[in-house]
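Here is the structure we will look at, set down as structure tokens.
The values are calculated or read from the model by the stated rules, or taken from the named source; none is laboratory data. Just so we're clear, the structure is a prediction, and the values are computed from it rather than from any experiment. Cβ sites come from the backbone with ideal geometry, for glycine too, and all protein chains shown count toward neighbours. The protein model used for the area step is the full one, side chains on, heavy atoms only, and it has no ligands, DNA or RNA in it. Shrake-Rupley method; radii C 1.70, N 1.55, O 1.52, S 1.80 Å.
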Amino acid sequence: MVQQKIVMKVHLSSEKLRTKALKIAAVAIGMSKVSIDVEKEQLEVIGDGVDSMRLTVSLRKKLGHATILSVGEVKGKTDEKKPTTYPITWTSSYIQYPQHPPHYHVVHDQYPQETNCSIM
């Protein structure tokens, strides 16, 4: 799935409202990055399969006002670095067990009880 970038206009006049907006956006399913531009009063959410309408409704419930400005694909670099993988090499190793096998104690009941249980 392609990552998408959602830019929303949200009223962010106080630190408390900014914190609420970040908390709501941070729990969105598929979210990978959240950022706030305080001067423009914009919330930017980048993620894989984030539902923009559900996020808008959640922000409106808590903050009172939220508008979607744009929804689009994230344009990535063409020369993305792939994570380096190192080959796994196995060395021969073995587990040493004690020379004597473990001792088990068997307990027998002297007075076996008859039960009418069908499971036992």
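A few notes on this one:
- The per residue volume of the convex hull around the alpha-carbon atoms of segment 4-73 is 70 Å³.
- Only Lys, Arg, Asp and Glu carry charge here, each on its Cβ (+1 for the first two, -1 for the last two); on that basis segment 4-73 has a dipole of about 360 debye about its Cα centre.
- Farthest toward positive dipole pole in segment 4-73 [+1 Lys/Arg, -1 Asp/Glu at C-beta], among VAL27, VAL45, VAL7: VAL27
- Filter on LYS9/LYS62; LYS5/LYS33; LYS5/LYS62; LYS33/LYS61; LYS20/LYS62 - keep pairs with C-alpha separation over 18 Å: LYS5/LYS62; LYS33/LYS61
- Solvent-accessible area assigned to carbon and sulfur over segment 4-73 amounts to 52 percent, based on a 1.4 Å probe.
- Accessible surface, segment 4-73, averaged per residue in Å² (probe 1.4 Å): 59 Å²
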